[in-house]
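Notes follow once the structure below has been shown.
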Amino acid sequence: MYASAMLKRGGVDFMAGAPKRTRKHFQLDAGKIKRAQRALQARTETEAIERALDLAITEHEKNRLALSATERFIKSGIRIRDVYGALDR
């Protein structure tokens, strides 16, 4: 299975088990689908779209966690000093 496609939260693998499937009809750029299929090494167009969606969801979750950590860091009141003088250049 494509490793980046698995989203875990609290130790639960949301890709486990049979996913609920529904039929949707979209008008999409065929060239983009083929490029995504090659980039994601997907066998089918459906698999490429599913992997791309999984990657988007995972990326959003990473960004949300990074923002939360940054906000906690800023609120902590910690002072950062430039001990090497690298920022004065």
| said: Taking loop as defined by DSSP and a crowding limit of 10 other beta carbons within 10 Å, which chymotrypsin sites (Phe, Trp or Tyr not before Pro) in the range 13-79 fit? | reply: Phe26
| field | Computed label-point distance, nm, for sites Arg21 and Ile33 using a 7 Å Cα→Cβ extension | value | 1.6
| query | Ignoring ligands, DNA and RNA, what accessible area per residue does the range 23-62 give at 1.4 Å, in Å²? | reply | 86
| said: Whole-Hz ³J(HN,Hα) for each residue in the range 41-55, computed from phi via Karplus 6.51 cos²θ - 1.76 cosθ + 1.60 with θ = phi - 60°, x for glycine and proline: what do you get? | reply: 6, 8, 6, 10, 5, 4, 4, 4, 5, 4, 5, 4, 5, 4, 5
| Just for the Cα atoms in the range 31-89, what are the lengths along the principal axes, largest first, rounded to whole Å? | 53, 28, 14
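The values are calculated or read from the model by the stated rules, or taken from the named source; none is laboratory data. Predicted model only: the values in this text are computed from it and were never measured. In this analysis, Cβ positions are derived from the backbone assuming ideal geometry, glycine residues included, and neighbour counts consider all displayed protein chains. Heavy atoms of the whole protein, side chains included, go into the accessibility calculation; ligands, DNA and RNA do not. Shrake-Rupley method; radii C 1.70, N 1.55, O 1.52, S 1.80 Å.
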